Structure formats: C-alpha cells, structure tokens
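The values are calculated or read from the model by the stated rules, or taken from the named source; none is laboratory data. Owing to the predicted nature of the structure, the values given are computational and were not obtained by experimental measurement. No Cβ is skipped: glycine too gets one built from the backbone with ideal geometry, and neighbour counts run over all protein chains shown. Heads up: the accessible areas ignore ligands, DNA and RNA and are worked out on the full protein's heavy atoms, side chains in. Shrake-Rupley method; radii C 1.70, N 1.55, O 1.52, S 1.80 Å.
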Amino acid sequence: QVQLVESGGGLVQPGGSLRLSCSASRSMSDSDTMAWYRQPPGMARELVAQIRTVGVIKYKDSVIGRFTISRDSGRNTVDLQMNSLKPEDTAVYFCSFQTRKSNYWGQGVQVTVSS
C-alpha cells in the first residue's frame, strides 16, 4: 500500500501560478512512476505529467512550457509547478503512484483558474 497526500490547490487568476505537492508514504523504485492527473468538470481524467527515478518525464501537450514536474527523493515528494495558468486548467488534480502491480491515488485537490 502507498498513501498519498496532496496539497497546494486553490483559486488563482489567469496568468498566475500554483505549486502542487504530493507526499508518498514510501520512496519510488526504478520500476515506479509518479504522476499528476486532472479531471476537468464533466470530463474524463487525463494525464498531466509523469516522472520516474531514471528521469523519464512526460507532459500533456497543452502544459508543455508552463508546467514542471519534479521529484525530491529525500522527502518522497513530487511537485507540479504550474505557471501561466489558464481557465481551461481548472480541474481536480490527482497524484498517482504506479507500481508494477497497482496504481494508488491521492484524494485530489481543486485548482480553479478564474478572474
């Protein structure tokens, strides 16, 4: 079992920034992947960014150049720095910890981009 605790959501104006943080109950192995997903209102959950210990990083096309995923192995955390936020980034953001056998989810944090 892996427990995940997310923090950092909130309300921000267009063009603003937010930083999401996800704390995991154990460290990542080389076969694990941590990721941030989001689910906009009335839409399906989608991958935003993912990271592995070997440094493989993947981003959703629409966030490239605006969002940065990073990992602190000492604190077992994965952060998502979100800059130049747009109204279409409004969603519930979920942290994910994927092992070879299971996929664990955090409770989700609301991010609202609105003037």
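Observations
- The set of residues in the stretch 79-106 being in contact with a Gly (Cβ under 9 Å, 6 or more places away or on another chain), among the charged types (D, E, K, R) and more than 19 Å from residue 41 (Cβ to Cβ) consists of 79 alone.
- The stretch 71-115, residues that are open to solvent by less than 40 Å² (accessible area, probe 1.4 Å) and farther than 20 Å from residue 3 by Cβ: 82, 85, 89, 90, 91, 111, 113
- Residue identified as modelled with pLDDT of 95 or more, polar (S, T, N, Q), in contact with a Phe, Trp or Tyr (Cβ under 8 Å, 6 or more places away or on another chain) and exposed (fewer than 15 other Cβ atoms within 10 Å of the Cβ) among 50, 39, 13: 39
- Of the residues making up the stretch 2-15, those that are at negative phi, over 11 Å from the mean Cα position of the chain (by Cα) and either assigned to a strand (DSSP E or B) or among the polar types (S, T, N, Q) (or both) number 6.
- Across the stretch 60-70, the number of residues qualifying as more than 10 Å from the chain's Cα centre (by Cα) and either of a type in the set (Val, Ile, Thr) or surrounded by 18 or more Cβ atoms within 10 Å (Cβ to Cβ) (or both) comes to 2.
- Looking across the stretch 5-28, the residues that are among the small types (Gly, Ala, Ser) and either touching a residue at least 60 places away in the same chain (Cβ under 8 Å) or in contact with a Pro (Cβ under 7 Å, 6 or more places away or on another chain) (or both) come down to 7, 8, 9, 10, 15, 16, 17, 24.
For every residue, the table says whether it meets (1) in contact (Cβ under 8 Å) with a residue 12 or more places away in the chain; (2) of a type outside the set (Ser, Thr, Tyr); (3) farther than 21 Å from residue 27 by Cβ.
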| position | (1), (2), (3) |
| --- | --- |
| 79 | yes, yes, no |
| 88 | yes, yes, yes |
| 91 | yes, yes, yes |
| 95 | yes, yes, no |
| 101 | no, yes, no |
| 105 | yes, yes, no |
| 111 | yes, yes, yes |
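- In the stretch 42-65, the residue that is nearest to residue 30 (Cα to Cα) out of those that are assigned to a loop (DSSP other than H, G, I, E, B) and among the basic types (Lys, Arg) is 52.
- Count of the stretch 16-27 residues which are open to solvent by less than 30 Å² (accessible area, probe 1.4 Å) and assigned to a loop (DSSP other than H, G, I, E, B): 1
- Every residue from the stretch 71-98 that is in a loop (DSSP other than H, G, I, E, B), hydroxyl-bearing (Ser, Thr, Tyr) and modelled with pLDDT of 95 or more: 84, 90
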